[in-house]
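Each reported figure results from applying straightforward, stated rules to the coordinates on display, with no laboratory input. Note that this is a predicted model, so its numbers are computed, not measured. Cβ sites come from the backbone with ideal geometry, for glycine too, and all protein chains shown count toward neighbours.
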Number of protein chains: 2
Amino acid sequence: MTSGTWVLGVDSGGSGLRVALGALPRGSGSGSGSGSDAGGGGGVRAVGSVALAEPVRTGAGGIDARQLLGRLVPAAEGLLRRAGAGRLAAVAVGAAGMATLGDELRATLPQALRRSLGVPRLALAADAVTAYAGALGQRPGAVVAAGTGLIALGTDLRGWSRADGWGHLLGDCGSGAWIGRAGLEAALRAHDGRPGGSEPLLARVRAVFGPPAALPGLLYPRADRPAVLASFAPEVARCATEGDTVAAGVLARAARHIAEAAAAVCPRGEDREVALTGGLFRTGEPLLSPLRAALAEHLPYARVVTAAGDPLDGSLAVAAALATGTLRLPREPGMLEATTLQPTTRI
Amino acid sequence: MTSGTWVLGVDSGGSGLRVALGALPRGSGSGSGSGSDAGGGGGVRAVGSVALAEPVRTGAGGIDARQLLGRLVPAAEGLLRRAGAGRLAAVAVGAAGMATLGDELRATLPQALRRSLGVPRLALAADAVTAYAGALGQRPGAVVAAGTGLIALGTDLRGWSRADGWGHLLGDCGSGAWIGRAGLEAALRAHDGRPGGSEPLLARVRAVFGPPAALPGLLYPRADRPAVLASFAPEVARCATEGDTVAAGVLARAARHIAEAAAAVCPRGEDREVALTGGLFRTGEPLLSPLRAALAEHLPYARVVTAAGDPLDGSLAVAAALATGTLRLPREPGMLEATTLQPTTRI
């Protein structure tokens, strides 16, 4: 058995369940992870990971703890076996909906993971928190996590500030679903002869979805309406690149919304860092160019940095910090909760 | 049995099924309804009506023709019996979703109504067409029908023009759902500390829905999300009345969208009429005042008139025009279709 400290990071969300095993360098311990861990991993190194595409089900009691455990424990055992690893020192689970749908996880996971894997320390985190930890580690600043949805999270290491993340009907302003929806509306305005329409976007609607009259029937019966809307966002970027001013205007408004959310949560102070993470920021220059301008306007005191890692990296980093007694990200119900239990004999 | 000409109007939509029996004055016939029928009813007088609150189900084949018939025929028989009326000369059915969900109705209703009620003439119309006929009769112009959703329909009596009506994710700009959604977004912007927020609207969210954090859980699992959004529109009007500039801004933008939709469909020409119909226009002055200004700007050549009646009145008017050979509203697939069948002996 290889010696050292072993930790597990978990990322559970709409695109499935991912589990990573991490190794901490020998001698890692209280305080040793601070200062130099620019990536936020506390020096943790991922030695293996498992990705399961099917999302963990949400039932009446919220995220289904039993189903999550039924997948997580065998995955962890496999990773530990393949790495020749010893007992886990800590596990961090980042999950979408932790604040509102995490009751079953909170009630079940600490005891269940102690029994099954002998884990003494467990962190439960909102997926926005693991996105933050993956992007900025344990440094104060702001992270915007954006894909189909959008949320901004900031911390001064005393507490968390959140902006948006309200979903596609109440907000997620500037997200993939927001951009796609605005693009579709502009296409249909052109179809109707209303002002604010875009013929190039209408042409893309016909190419992607077929006759505009069929679009409502393709969208409304779907359960994944936000994803359908977001699927049109790359078409908006494409039309903007090709010179359509309406599409460019949609992206400029999205950029302003993103910068507003970042500014609402970023702690004041010199040389703050803001990181952007998630699939939306792979949209490219049609979005990034107005976004840089908007961030410079709304957050003149902050520096935009590249996200060091993704939410799974963030989960590993939280587990590593928990294992070494160096967790500095603020604990707050629904955001980041950590429990320590005496290890028992494995059953 | 009372002599005269009897017609039936039907209005089927999200709020249920309504059936009205109408009587035409003696001597009504080809041409006699033209000219003076300002209300569009062709002189038809409603002698009784039935309202069934449960909406007709939509199945794989679209609007369930069998369920509609199962309710419509007994309701019609009851109305005819109570009025001591003779055989129906025509029936008009206005239904939400006729264009995309009306295949079963088109295939089934003409023969079924001939067999069951001996009806020789049947009109099938989109609910927007019966809303038009109820509001403006058979005169050229434009009608905006708005409640939870919003659609504008115009005609020069040669064809129909439609604008918006795309539903709450793709358009319905300026509708109840649109206003409510914009109001909720403004409330949550205030909650987050993002620009464009409204503290008065946030206070109304707390009063109506409870803690803002619970709002996504109250909205997204619901099947009637547009209605939930629209339920907040009166709160936006209330805050605007009390001086909130953000709420007033939402209503001003809604007014512009409504005027844009009306202008997109209104035929050019002198002294055109535009009518507003539906629950949204009972919102009162906070909406109507900017709407009058927007209509004057976007449709300077049109006169805003009071809607003479509702979609059920419109359905009766279409049936009356069909019975008397005076139907002037344009026939167009999915919008207004009329069939004539030789009456057979009732089975």
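Once both labels are modelled 7 Å past Cα along the beta-carbon direction, what's the residue B:54-residue B:222 spacing in nm?
2.3
Can you run the Rg to Rh ratio on the protein assembly as shown? Use alpha carbon positions and the Kirkwood inverse-distance Rh. Display every interim value, and only then the final one.
On the way: Rg = 30.5 Å, Rh = 28.1 Å.
Computed over Cα atoms, the ratio is 1.08.
Counting each pair of different Cα atoms once, what's the Kirkwood radius of segment A:176-306 in Å, rounded to one decimal? Don't jump to the answer; show the numbers that get you there.
Working: mean 1/r = 0.0642 Å⁻¹.
So the Kirkwood estimate lands at 15.6 Å.
Order the peptides A:230-238, A:95-103, B:88-96 from the highest to the lowest mean number of other Cβ atoms within 10 Å of their residues.
Numbers: A:230-238: 22.7, A:95-103: 19.7, B:88-96: 26.7.
In decreasing order of mean packing, A:230-238, A:95-103, B:88-96 become B:88-96, A:230-238, A:95-103.
How do B:104-117, B:249-262, B:292-305 rank on mean C-beta neighbours within 10 Å, highest first?
Values: B:104-117: 18.9, B:249-262: 24.3, B:292-305: 15.9.
For the peptides B:104-117, B:249-262, B:292-305, the packing ranking is B:249-262, B:104-117, B:292-305.
Could you check the spin-label model distance between residue B:26 and residue B:285? Points 7 Å from the Cα along Cα→Cβ, value in nm.
Label-label distance for residue B:26 and residue B:285, simple model: 5.1 nm.
Per 0.36 nm of contour for each residue apart, how much would the distance between residue B:81 and residue B:231 grow if the chain were fully extended, relative to their Cα-Cα spacing?
Gain on stretching residue B:81 to residue B:231: 50.0 nm.
Using 11 Å as the cut-off for backbone N distance, which residues of segment B:307-338 belong to the label zone defined by a point 7 Å from the Cα of residue B:157 along Cα→Cβ?
Within reach of a label on residue B:157: B:327-330.
I want the local charge near residue B:14. Using Cβ-Cβ distances under 10 Å, sum +1 for each Lys or Arg and -1 for each Asp or Glu among the other residues.
On the way: positive: none; negative: B:127, B:224.
That sum, taken over residues with Cβ under 10 Å, equals -2.
How would you order B:323-336, A:200-213 from highest to lowest mean count of nearby Cβ atoms within 10 Å? Write down the numbers at each step before the final one.
On the way: B:323-336: 19.0, A:200-213: 16.9.
So the order, starting with the most tightly packed, is B:323-336, A:200-213.
I'd like the FRET efficiency for residue A:268 and residue A:213, computed as 1/(1 + (r/R0)^6) with the beta carbon distance as r and R0 of 45 Å, rounded to 0.05.
On the way: r = 51 Å, r/R0 = 1.14.
Approximately 0.30, to the nearest 0.05.
Would you mind ranking A:49, A:12 by Cβ crowding within 10 Å, fewest neighbours first? Present the calculation step by step, with values, prior to reporting the outcome.
Working: A:49 16, A:12 27.
Arranged by neighbour count, lowest to highest, A:49, A:12 become A:49, A:12.
If each label sits 7 angstrom from Cα along the C-beta direction, how far apart, in nm, is residue B:84 from its counterparts in the other copies?
From this label point to the equivalent ones elsewhere in the assembly: 10.3 nm.
Share of antiparallel DSSP beta bridges in the protein assembly as shown, in percent to the nearest 5? Write out the running numbers ahead of the final one.
On the way: 70 of 114 bridges.
Beta bridges within the protein assembly as shown, antiparallel portion: roughly 60 percent.
Taking every residue in B:63-74, how many Cβ atoms of other protein chains lie within 10 Å of its Cβ, on average? Intermediate results must be reported in sequence, preceding the final value.
Numbers: counts 0, 0, 0, 0, 0, 0, 0, 0, 0, 0, 0, 0.
Taking the mean over all residues of the peptide, I get 0.
Averaged over its residues, how many other protein chain Cβ atoms are within 10 Å of peptide B:188-197's Cβ atoms? Could the numbers behind the result be given before it?
On the way: counts 7, 9, 0, 5, 12, 7, 12, 6, 3, 1.
Mean partner shielding for this stretch: 6.
Per-residue mean of other chain beta-carbon atoms within 10 angstrom of the beta-carbon, peptide A:213-220?
Values: counts 5, 1, 4, 8, 4, 0, 4, 6.
Rounded to a whole number, the mean comes out at 4.
Put the label 7 Å from Cα along Cα→Cβ for residue B:158; what are its distances to the other copies, in nanometres, shortest first?
Nearest to farthest, the other copies are at 7.2 nm.
Would you mind counting up the charge near residue B:302? Only other residues with Cβ under 15 Å from its Cβ, with Lys and Arg at +1 and Asp and Glu at -1.
Neighbourhood net charge equals -1.
Using the basic label-point model (7 angstrom from Cα toward the beta carbon), what is the residue B:103 to residue B:206 distance in nanometres?
Label at residue B:103, label at residue B:206, 5.2 nm between them.
I'd like the FRET efficiency for residue B:116 and residue A:241, computed as 1/(1 + (r/R0)^6) with the beta carbon distance as r and R0 of 56 Å, rounded to 0.05.
Working: r = 60 Å, r/R0 = 1.07.
Working from the Cβ atoms, E equals 0.40.
Could you tell me the extents of chain A's C-alpha atoms along the three principal axes, largest first, rounded to whole Å?
Principal axes ranked by extent give 71, 46, 31 Å for the Cα atoms.
With θ set to phi - 60° and the Karplus curve 6.51 cos²θ - 1.76 cosθ + 1.60, what are the ³J(HN,Hα) couplings of segment B:45-58 in order, to the nearest whole Hz, using x for Gly and Pro?
With the stated coefficients, segment B:45-58 comes to 10, 6, 10, x, 8, 10, 10, 10, 5, 6, x, 5, 5, 10 Hz.
Restricting to DSSP H runs of at least four residues, report the calculated mean residue ellipticity at 222 nm for chain B, -39500 (n - 2.57) per run over all residues, nearest 500 deg cm²/dmol.
Numbers: 12 runs with 144 residues, N = 347.
After summing the helix terms and dividing by the residues of chain B, the value is -13000 deg cm²/dmol.
If you average the sequence gap of Cα pairs under 8 Å that are 6 or more apart and divide by the length of chain B, what percent do you get for the contact order?
Working: 810 pairs, mean separation 92.3, N = 347.
Result for chain B is 27 percent.
Assuming 1.002 mPa s and 20 °C, estimate D for segment B:229-347 with Stokes-Einstein, Rh taken as the Kirkwood radius over Cα pairs, in µm²/s.
Working: Rh = 17.2 Å.
Once the numbers are plugged in, D ends up at 125 µm²/s.
Among chain A residues, which Cβ is nearest the axis of the A-onto-B rotation, and at how many Å?
Residue of A nearest the axis onto B, distance in Å: A:169, 4.
Quick check: the distance between the Cα centres of segment B:240-266 and segment A:175-194, to the nearest angstrom?
19
All other residues with a Cβ under 10 Å from the Cβ of residue A:311 taken together, and with Lys, Arg as +1 and Asp, Glu as -1, what is their net charge? Don't skip to the answer; put the middle values down first.
Numbers: positive: A:18; negative: A:11, A:127, A:310, A:313.
Counting the neighbours of residue A:311, the net charge comes to -3.
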